[in-house]
Amino acid sequence: MLPPGPYNPQEEEPKILKFWLDNNFYKPEYNPEKDKVVSFEEMLKDPRPTFCIINPPPNAYGRPHLGNVSGYAYQDLLLRYHRMKGYLVYGQPGKDHAGIQGEIVVLREYFRPKGITKANITREQFYKETYEYFMRVKEQAKQDEQRIGLSSDFDRDVFTLDPDIVDIVLDTFIKLYKDGYVYKGVRIVNWCPSCKTALADIDTEPKERETDFVYIKYPLLRQDQRVWRLSIYNRDVLNAILQGKKTIETRALNPEEPERFFGDIKQGDIVVFVDKSKEGHRAAYPFVAKRVAIYKSLKELYEQEDVAKINSRGKKVSYEEFEAGYASLADGYLEKIKKNGMVAIELESYKPGKDFITVATTRPETMLGDTAVVVNPNDKRYKELIGRKVLLPLVWREIPIISDPIVDKTLGTGALKLTPAHAYEDYQIMLNWNQEHPDEQVDYVNVIDKDAKMTGPVGKYYGLNTQEAREEVVEDLKKLGLIEKIEQKEQRVYVCERCKTVIEPQMSSQWFIKVDELKKPATEVVEKDIIKIHPRNMKKVYLDWMKVMRDWPISRSLWWGYRFPVWYKGKVEEKIDEEGKVTMYIDGKPVRDFKEAEKLGLAKVSKKSPGKGWIQSDYVFDTWFSSGQWPFATLMKFGLFEKFYPTDVMETAYDILKWWVSRMVMLGIYRTGKIPFKHVYFRGLIKGKDGQKMSKSKGNIVLPAEVIDKYGADVLRLFYIVGNKAGAAYQITEDKLEGNKRFLNKMWNASRFVLMNINDVLEDLPKIDPNKLKLTTDDKKMISEVNSIVEKTKKYIEDFKFGIIAVELRDHFWHVFCDWYLEAVKPRLRSDDSEDKLAAQYTLYYALKQYLKIFHPYIPFITERIWQEFPKGKGEHRSLMYTRI
RNA sequence: GGGCAGGUAGCUCAGCCGGUUAGAGCACUCGCUUGACAUGCGAGAGGUCACAGGUUCGAGUCCUGUCCUGCCCACCA
């Protein structure tokens, strides 16, 4: 008999939980027919249809809050419902190592109090201690999951860094690499010049500061004006020009060598001499072609008065000497010139003209690495200029004017200098532009090195730190008359969270997954509803994301995670070359890319060390790379893959649709050839009591344990589910919890009333044939009412609308069963007409039983507790969990 | 700036393949300490369904526009 008084979940729930766990009801090996755990092999042969949910692994580094846990209510509802429907059910629990966030938390909350930082601990020691730390916290999280009633198989609780999971995940990487879906490419990263490491966005923090806002005039090139860049191999020639010699005969004139062919050069074009010598770092000297003449022979050229007839010491030379100079050149130059003739150009110093486009910047020194000027395509002032070229001062490169809608017309001059190597936004613009304009690609030039000093093709600024370079650049621009004005501006910069040094974004070589091919099937399965997404509008979000998804960078400069199965024969370094491009050096030897290094035997992809002297890559994988493989990796680990994959439902929060769901679909199909799940259900976001999204920083966190301690797990589960629909946000209030508590109390008391009043015939009831009873109109109505609400609820649950129907179900129990039928039946229970009384008793028994079953997936504890008081009929299990619905 | 939700009773939200008097819980008012439950029962009040147009015999529901709110993405050179 149920104890009297209000329902006491604190008393009842732990007992029920123990009952479930002790009997191994959560395990797929538990067989309800035999009422015992069967062998693994026998379970695999079980003919029942399967139902499997992989629980999205929460971060293992801390207690999950109410929002984090809400999913379990939905997952468990589905698990329990299908168990009762007769499926072989498997719930896979797990925990995530949470890469970046995990590392930050463990550093802050575990290592820092002990005075340990990454500077005074080895990588191996860090990993070992962090792993142990996570294992401890993981146990606590598991208890929360069990308390809420999640009926997953906790004996198979896994961690993303379990060695056998790691093995499966790394195999996927190796397969991707072999299939050509993985490459090493260059990408912008947050670089801390002090810590000498790349940082994730989350490791940086914003800081406001006052700074100069410099307006720089970039000279516009006329539309017919071209820029010729000539390499200077001979400094003396350069010196001669700089000393005022007007005409330069250049040997870079041969029509047979197109890259050096200057037959097209015309008056007014810009000629820039580039010093390729090492110490000059590509200093550039600009001139204007004043006169261009074509000569049939060397002799004809020599006879021109203004030709620089000088030797290497600047001394006048005879024709013979002049010709001898050419004869000494390689490649039969002289012969070619004699045959084809040549072009000579008369030069004058370059002076900026009157046409400019003005850009504004807080970082003038980065202009040395500019590769474009960007304007808004709708900006009337600049519309005509899109596609034109400007001459980038100081380094005298020709760069295009491009457009991007991101550019704010009202900021600065409305024209933005593009430095893709040193500004995130610029990098994005470059990617966008290149994607849409494959024929007019914009590149990057990296001009700041890992010590925040100028590098690359920056001429005399080479080696200066950014501050010095900034001052000098502004000074030089002033001399050229190219500074329009300088204003003061509030600027936000990002600093390293640890050392507060200003972040220098720069290019760095990273691993990428090529997604073009992989996303095709991942798009198709959702398009064709082979994977169904609930709510439906999220399908569009998914498909939109797939369209714009670019190659996925998967390497992270962290310690906490899967280390890349990549080995180098010696130390790996990255340097910036003279072109401003990132170059990799292995053991001091430059290599173009990883493929080349592999060919040269300097690099290898392998899970184990190839041998002595090989050093493993420092990179670890992006967390989503491993969690993207979670559905099949977990099942493979336990040998359950064949039995349960594809899984049935993936229930998760909608904010990780792009990050997680898309990756699981992509990698799942890639690795297994099958979709990872048939349905995706997005739960609503839990808002705190203040109506804001629940988050630690807002201080509106509620822990599930607090609610369970006070109200019990069933109350919390009702809060999560009742009246809520997929993808919507909803708020927690004390009122809602209180209301749910009252409902449970109602169910408790109604059940006790029923049990009290059927006690005398309790054991007979399951055997009664209702057709032989004298059922009244009320009885029949009650039976039909409860049957119809049960059927309706089942239909709704299968349609993923369990929240909506729960309201109706609750009201049905309360108002139809309690308020109407229970009241109506009271006189009959006291009557002497035993036949009529029995009909009423049977109806009470039957209706309540139906309610208990249909409520069990929602509120498992209280329903299971009441069920224990019921005699079990044919086909009814000692646990409500396995009683057929 | 782009995308996606949403604005319905005092509060939190349902209702939206168009169709009688628009619903629930909590709060509120009034009346009920009868034996499952006062964590209860009965009765009641409360809404120009954000605004403006349009389609229609008929619009909270469909279309267009406007104004707010929230979320995601991007951004503040």
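State whether the residues of the range A:447-456 include one that is more than 9 Å from RNA strand B (Cβ to nearest atom), over 22 Å from A:His281 (Cα atoms), in contact with a Pro (Cβ under 7 Å, 6 or more places away or on another chain) and not β-branched (Val, Ile, Thr).
Within the range A:447-456, none of the residues are more than 9 Å from RNA strand B (Cβ to nearest atom), over 22 Å from A:His281 (Cα atoms), in contact with a Pro (Cβ under 7 Å, 6 or more places away or on another chain) and not β-branched (Val, Ile, Thr).
For the range A:375-395, enumerate the residues that are charged (D, E, K, R) and either in a helix (DSSP H, G or I) or within 25 Å of A:Pro457 (Cβ to Cβ) (or both).
Across the range A:375-395, the qualifying residues are A:Lys383, A:Glu384, A:Arg388, A:Lys389.
For the range A:448-465, enumerate the residues that are closer than 18 Å to A:Ala198 by Cβ and of a type in the set (Val, Ile, Thr).
A:Ile448, A:Thr455
Which one is most open to solvent (accessible area, probe 1.4 Å), of the residues in the range A:528-560 that are assigned to a loop (DSSP other than H, G, I, E, B) and either within 12 Å of RNA strand B (Cβ to nearest atom) or at positive phi (or both)?
Here the residue is A:Arg536.
Does at least one position in the range A:826-833 carry a residue that is in contact (Cβ under 8 Å) with a residue 12 or more places away in the chain, farther than 30 Å from A:Asp648 by Cβ and either more than 10 Å from RNA strand B (Cβ to nearest atom) or surrounded by 21 or more Cβ atoms within 10 Å (Cβ to Cβ) (or both)?
Checked the range A:826-833: at least one residue is in contact (Cβ under 8 Å) with a residue 12 or more places away in the chain, farther than 30 Å from A:Asp648 by Cβ and either more than 10 Å from RNA strand B (Cβ to nearest atom) or surrounded by 21 or more Cβ atoms within 10 Å (Cβ to Cβ) (or both).
I need the full set of residues from the range A:542-598 which are closer than 30 Å to A:His679 by Cβ and among the aromatic types (Phe, Trp, Tyr), in order please.
Hits for the range A:542-598 are A:Tyr542, A:Trp545, A:Trp552, A:Tyr562.
Please enumerate the residues belonging to the range A:396-435 that are near RNA strand B (Cβ under 7 Å from one of its atoms) and not in a loop (DSSP other than H, G, I, E, B).
A:Leu416, A:Lys417, A:Tyr424, A:Glu425, A:Gln428
Considering only residues of the range A:769-784 that are open to solvent by 50 Å² or more (accessible area, probe 1.4 Å) and assigned to a helix (DSSP H, G or I), which is nearest to RNA strand B (Cβ to nearest atom)?
Per the stated criteria, the residue is A:Asp778.
Which of the residues that make up the range A:826-872 are over 30 Å from A:Arg147 (Cβ atoms), out of contact with any Asp or Glu (no Cβ under 6 Å at 6 or more places or on another chain) and of a type in the set (S, T, N, Q)?
A:Ser831, A:Ser834, A:Gln841 - these are the residues of the range A:826-872 that are over 30 Å from A:Arg147 (Cβ atoms), out of contact with any Asp or Glu (no Cβ under 6 Å at 6 or more places or on another chain) and of a type in the set (S, T, N, Q).
Residues in the range A:751-768: is at least one within 15 Å of RNA strand B (Cβ to nearest atom), closer than 15 Å to A:Lys853 by Cα and surrounded by 20 or more Cβ atoms within 10 Å (Cβ to Cβ)?
yes
Residue by residue through the range A:213-227, note down the ones that are closer than 21 Å to A:Glu484 by Cα and not in a strand (DSSP E or B).
Of everything in the range A:213-227, those that are closer than 21 Å to A:Glu484 by Cα and not in a strand (DSSP E or B) turn out to be A:Leu221, A:Arg222.
Condition first: more than 29 Å from A:Leu79 (Cα to Cα), more than 8 Å from RNA strand B (Cβ to nearest atom) and either of a type outside the set (Ser, Thr, Tyr) or in contact (Cβ under 8 Å) with a residue 24 or more places away in the chain (or both). Can you find one or more residues in the range A:807-822 that meet it?
Yes: one or more hits.
Name the residue that is farthest from the chain's Cα centre (by Cα), counting only residues in the range A:398-449 that are open to solvent by 50 Å² or more (accessible area, probe 1.4 Å) and among the charged types (D, E, K, R).
Ranking the candidates gives A:Glu398 first.
The values are calculated or read from the model by the stated rules, or taken from the named source; none is laboratory data. For clarity, every value in this text was computed on a predicted model and none was experimentally measured. Cβ: placed from backbone, ideal geometry, glycine included. Neighbour counts: every protein chain shown. Ligands, DNA and RNA are stripped out before the accessible areas are found, and what is left, the full protein with its side chains, is counted by its heavy atoms. Shrake-Rupley method; radii C 1.70, N 1.55, O 1.52, S 1.80 Å.
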